[in-house]
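Worksheet for the structure shown next.
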């Protein structure tokens, strides 16, 4: 089984950088799991249609991203279904399709997608260009790392 872990977000846009940061921290805290040959790890700053190329041979994709869904800042959620449209900050930019839009479009046109797509989101607080992660999001990273490990181990053990 091929599993892809993708950290999504722009580190120079405040809390939008939580996806790549959580994936990097997970890799440091769980090096043995990170070296599993069925797991492929990548970070992507501007998700869009090119995201589909990353999915080509994967049965499972785990995407870690910031959310803007109205939850309290730092809330970590695991979505086994596609989050609602407009819930990720990337969808509010002029840089093209966001994650949810890309996956929906791919499904509509019959593109190859993993059989299982899991989203781990962290509710952001601020998205200002040039800012670092907010304190609320920084404190939530250990929870996101824990969820990443739980999800990956659930698939590796199958």
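The values are calculated or read from the model by the stated rules, or taken from the named source; none is laboratory data. Note that the coordinates shown come from a computational prediction; the quantities given were computed from them, not determined experimentally. Virtual Cβ from ideal backbone geometry, glycine too; neighbours counted across all protein chains shown.
Restricting attention to segment 143-158, the residues being free of Cβ contacts under 8 Å to residues at least 60 places away in the same chain and under 16 Å from residue 75 (Cβ atoms) number 1. For segment 126-142, taking the residues that are in contact with a helix residue (DSSP H, G or I) (Cβ under 9 Å, 6 or more places away or on another chain) and assigned to a helix (DSSP H, G or I), the one that is farthest from residue 17 (Cα to Cα) is identified as 142.
Would you check if residue 64 is closer than 21 Å to residue 13 by Cα, assigned to a strand (DSSP E or B) and either at pLDDT 90 or above or under 15 Å from the mean Cα position of the chain (by Cα) (or both)? Spell out how you get there, then give the answer.
Details: closer than 21 Å to residue 13 by Cα: yes; assigned to a strand (DSSP E or B): yes; either at pLDDT 90 or above or under 15 Å from the mean Cα position of the chain (by Cα) (or both): yes.
Against the criterion (closer than 21 Å to residue 13 by Cα, assigned to a strand (DSSP E or B) and either at pLDDT 90 or above or under 15 Å from the mean Cα position of the chain (by Cα) (or both)), residue 64 qualifies.
For first residues located in segment 101-126 and touching a residue at least 40 places away in the same chain (Cβ under 8 Å), partners that are surrounded by fewer than 14 Cβ atoms within 10 Å (Cβ to Cβ) and not in a loop (DSSP other than H, G, I, E, B) and lie 6+ apart or on another chain with Cβ distances below 7 Å form the pairs 113/107. Scanning segment 107-125 for residues that are modelled with pLDDT under 95 and either over 17 Å from the mean Cα position of the chain (by Cα) or assigned to a loop (DSSP other than H, G, I, E, B) (or both) gives 107, 108, 109, 110, 111, 112, 113, 114, 115.
Taking first residues from segment 44-62 that are under 12 Å from residue 117 (Cβ atoms) and partners that are at pLDDT 85 or above and surrounded by fewer than 17 Cβ atoms within 10 Å (Cβ to Cβ), the Cβ contacts under 6 Å between residues at least 6 apart in sequence or on separate chains come to 55/113; 58/2; 59/1; 59/2; 59/115; 60/116.
Screening segment 68-91 for residues that are within 11 Å of the chain's Cα centre (by Cα) and under 21 Å from residue 106 (Cα atoms) and picking the one that is modelled with the lowest pLDDT gives 88.
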